[in-house]
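The values are calculated or read from the model by the stated rules, or taken from the named source; none is laboratory data. A quick note: this is a predicted structure, and the numbers were derived from the prediction, not measured. No Cβ is skipped: glycine too gets one built from the backbone with ideal geometry, and neighbour counts run over all protein chains shown.
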Protein chains: 2
Amino acid sequence: MIRVAVWGAGMMGQGLLGYILDRPGQIELVGVIDADPARQGSTVGDLLGRRCDLPVTGDAAAVLAREPEVVCICTRSNLDEVADQVEAAVRAGANVLCTAETLAYPWASDPDWAERFEDLAVEYDVSILGTGINPGFMLDALIVAWSSVCLKIDRIEAQRINDLSPFGPTVMQSQGVGTTVEEFERGVAEGTIVGHIGFPESIGLIADAIGWEIDEVVETREPIITTVPRETPHVKVAPGDVCGCRHIGRGYSNGELKIELVHPQQIHPHLEGVETGDYITIIGDPEIHMSTSPEVPGGKGTFASTGNYIQLIVDAPSGILTVTDLPVPRFWAPTD
Amino acid sequence: MIRVAVWGAGMMGQGLLGYILDRPGQIELVGVIDADPARQGSTVGDLLGRRCDLPVTGDAAAVLAREPEVVCICTRSNLDEVADQVEAAVRAGANVLCTAETLAYPWASDPDWAERFEDLAVEYDVSILGTGINPGFMLDALIVAWSSVCLKIDRIEAQRINDLSPFGPTVMQSQGVGTTVEEFERGVAEGTIVGHIGFPESIGLIADAIGWEIDEVVETREPIITTVPRETPHVKVAPGDVCGCRHIGRGYSNGELKIELVHPQQIHPHLEGVETGDYITIIGDPEIHMSTSPEVPGGKGTFASTGNYIQLIVDAPSGILTVTDLPVPRFWAPTD
């Protein structure tokens, strides 16, 4: 039995709680922390519609005092936003799994942060690992695994084409869905339309693992303009307006393009004949052309992957780790 | 610089030697052993048509006395056939990478062998790892990696459809290519037509990694009967005769089918509209449908994968390891 606490009971946290409740013989859920007063006082059972009397609390210290071996942080995307949570968990002697995209490879966005937490994790003899479907698997760890059957690699190209339709208003806004082209361009310039978070991280993970020196990462965000009406419960898009964001991250070595990651995110892609899926191409010897269709859903993929790392993180060496440092990730079959 | 010796200079060994010569700044090739007198005395350069003066020798002891850190054994398929070579390498203090299919998961075919070599590897503080495309990646490690984004898995199905046309007479014979259906059935019964070696190993690797108890592995070998003439430089197959072997390995838990691995191997599959490729399906939540087409070539994939494990095995813990024990495998970029 591994003692686990979950920090953040939003969509990701709830998905992970379901994973945990499915493994009563393997995981002991010792506490759930959430900053939202609307969730505090509810039980995990209330949130999930399942049987579990454990209450959601805002009192992180009380949960950490129960000495979880692993704290799963499913709250925010950026290092500065999760720093206090990661620090508190580490100082409580817990290993940390965290879905913050930037923590998949923290050296990309804030090397000082990475150094500070590396030292802290070593001091407390625990591990910190950023997890998720992307970054964390589809556009990095999986590519790295595929690269292992190659003799020679000139360039890596990968695409993740997904459907944003199930998501709520926050995602619509951050991807620019429903804007005019002009509003989209302004939103990108002003940083309100961000697209995908994780390209520098995925590129860093790949390059580090296979030994490439990537000296420049360039990101572009282009509007996906619809020619047909598209609509979800949260947004209506007229022809000529923006139904999503085609976000591209490119990694260069001495001016040569080595890694190109493309992530067009839009609502109802099938309305214009676009099939969703995950695609990896390795230009080398041999060439690799992998596809998965439809795409692995981002939410499920992220909380499944995070849960599946629980058993691996408890035996990992201390420090900040990445998914390519750990053994091949794997499903953790319930024993009951 | 990692000091490496190669044992076996056949097709696999020669491919691996090419990989090694491509990394002069990372790998020091200290010796090449081959039992075939026809190759002894030749240099590596002679065999590969490249520049390398190192001679191929039959004197294993002399090569092992040069204290390689890693010995790559590319000779035979079965544990008893490679036992002496693995033992000599381990006693010389070298880590062992070995393409013998059965060594990918030696507990499947000979648990006593596995126990003996586990003890020996621990005694000499070295690691032993079975490598290759299959077993070793396509129908096991890659499936395991994919499983990590799943919440729930009911069953795993995978197929590797390849083209045997490039292979020589030994492969044609062991797959029953060119036989009549009657001859094929007799060959399977008598053990001269073996199909693929590695299903119990791949099933063991998957089950161990994800925590399934597989209590029965059943293998079937069916003739692939051609309706059109097929021909290679080594074999001619008339309509109604056998152009390959459809080999299936199934793993059951309490009578329930959990893992089904299908490997139809034939010459010129496209003549009857069969597309080659690697296919993984995970029936679970989410469902995974992955395909790669054409298939990753078996030869290249095996020696690339073996070479790419050189940098990982030197830091691995001692004992018999499997590809799912080690970190996510990865391409090792040449530094020169």
In the stretch A:24-43, is there at least one residue being assigned to a helix (DSSP H, G or I) and either crowded, with 21+ Cβ neighbours inside 10 Å or without any contact (Cβ under 8 Å) to a residue 12 or more places away in the chain (or both)? no
Would the stretch B:110-129 turn up any residue that is outside any helix (DSSP H, G or I), within 14 Å of chain A (Cβ to nearest Cβ), within 30 Å of A:PHE303 (Cα to Cα) and small (Gly, Ala, Ser)? no
For the condition of a type outside the set (S, T, N, Q) and within 14 Å of chain B (Cβ to nearest Cβ), what is the one hit in A:GLY273, A:GLY255, A:GLY298? A:GLY298
Within the stretch B:202-223, how many residues turn out to be surrounded by fewer than 23 Cβ atoms within 10 Å (Cβ to Cβ) and over 30 Å from A:ILE310 (Cα atoms)? 5
Taking the condition farther than 13 Å from B:ALA89 by Cα and either part of a loop (DSSP other than H, G, I, E, B) or not assigned by TED's automatic domain parsing to the domain that holds B:TRP113 (or both), does B:ARG66 pass? no
Give the residues of the stretch B:255-292 that are touching a Cys at 6+ places or on another chain (Cβ under 8 Å) and polar (S, T, N, Q), sorted by residue number. B:GLN265, B:GLN266
Residue check for B:ILE248: in the same structural domain as B:ILE206 (by TED's automatic domain parsing), buried (at least 22 other Cβ atoms within 10 Å of the Cβ), among the β-branched types (Val, Ile, Thr) and farther than 26 Å from A:ILE153 by Cβ: no
Sole residue being at negative phi and within 14 Å of chain B (Cβ to nearest Cβ), chosen from A:LEU164, A:LEU97, A:LEU103: A:LEU97
Considering only residues that are in contact with a helix residue (DSSP H, G or I) (Cβ under 7 Å, 6 or more places away or on another chain), closer than 21 Å to A:PRO317 by Cβ and surrounded by fewer than 24 Cβ atoms within 10 Å (Cβ to Cβ), which ones fall in the stretch A:103-120? A:TRP107, A:TRP113, A:PHE117, A:LEU120
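Give A:ASP110, A:ASP36 a once-over and let me know the one that is under 30 Å from A:GLY204 (Cβ atoms), at pLDDT 95 or above and out of contact with any Pro (no Cβ under 8 Å at 6 or more places or on another chain). Talk me through it step by step, then tell me what you get.
Values: A:ASP36 fails: under 30 Å from A:GLY204 (Cβ atoms).
Answer to the selection: A:ASP110.
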Where residues in the stretch A:1-13 are crowded, with 21+ Cβ neighbours inside 10 Å and part of a helix (DSSP H, G or I), which of them is nearest to the chain's Cα centre (by Cα)? A:MET12
Note down all Cβ pairs under 6 Å where the first residue falls in the stretch A:220-240 and is of a type in the set (Ser, Thr, Tyr), the second is not in a loop (DSSP other than H, G, I, E, B), and they're at least six residues apart or on different chains. A:THR220/A:ILE248; A:THR226/A:VAL237; A:THR226/A:CYS243
Could you count how many residues in the stretch A:177-190 are out of contact with any Asp or Glu (no Cβ under 7 Å at 6 or more places or on another chain) and surrounded by fewer than 17 Cβ atoms within 10 Å (Cβ to Cβ)? 6
Condition first: hydrophobic (A, V, I, L, M, F, W, C), away from every other protein chain (no Cβ under 14 Å) and part of a strand (DSSP E or B). Can you find one or more residues in the stretch B:186-203 that meet it? no
Any residue at all in the stretch A:253-260 that's within 30 Å of B:GLY298 (Cβ to Cβ) and β-branched (Val, Ile, Thr)? yes
Residue under evaluation B:ASP325, criteria (1) within 11 Å of chain A (Cβ to nearest Cβ); (2) over 30 Å from B:GLU118 (Cβ atoms); (3) among the acidic types (Asp, Glu), criterion not met: (2)
Among residues of the stretch A:130-161 being touching a Phe, Trp or Tyr at 6+ places or on another chain (Cβ under 7 Å) and within 10 Å of chain B (Cβ to nearest Cβ), the residue surrounded by the most Cβ atoms within 10 Å (Cβ to Cβ) is A:THR131
When A:SER174 is evaluated against the numbered criteria (1) surrounded by fewer than 19 Cβ atoms within 10 Å (Cβ to Cβ); (2) farther than 28 Å from B:PHE331 by Cα, which criterion, by number, is the only one it fails? (1)
Could you tell me whether the stretch B:310-319 includes any residue that is more than 8 Å from chain A (Cβ to nearest Cβ), on the phi > 0 side of the Ramachandran plot, in contact (Cβ under 8 Å) with a residue 24 or more places away in the chain and not hydrophobic (A, V, I, L, M, F, W, C)? yes
Only one of B:ARG230, B:ARG246, B:ARG330 is basic (Lys, Arg), within 14 Å of chain A (Cβ to nearest Cβ) and in contact with a Ser or Thr (Cβ under 9 Å, 6 or more places away or on another chain). Can you tell me which? B:ARG330
Got a number for residues in the stretch B:276-295 being buried (at least 20 other Cβ atoms within 10 Å of the Cβ) and more than 8 Å from chain A (Cβ to nearest Cβ)? 4
For the stretch B:145-165, state whether one or more residues are part of a helix (DSSP H, G or I) and of a type in the set (Val, Ile, Thr). no
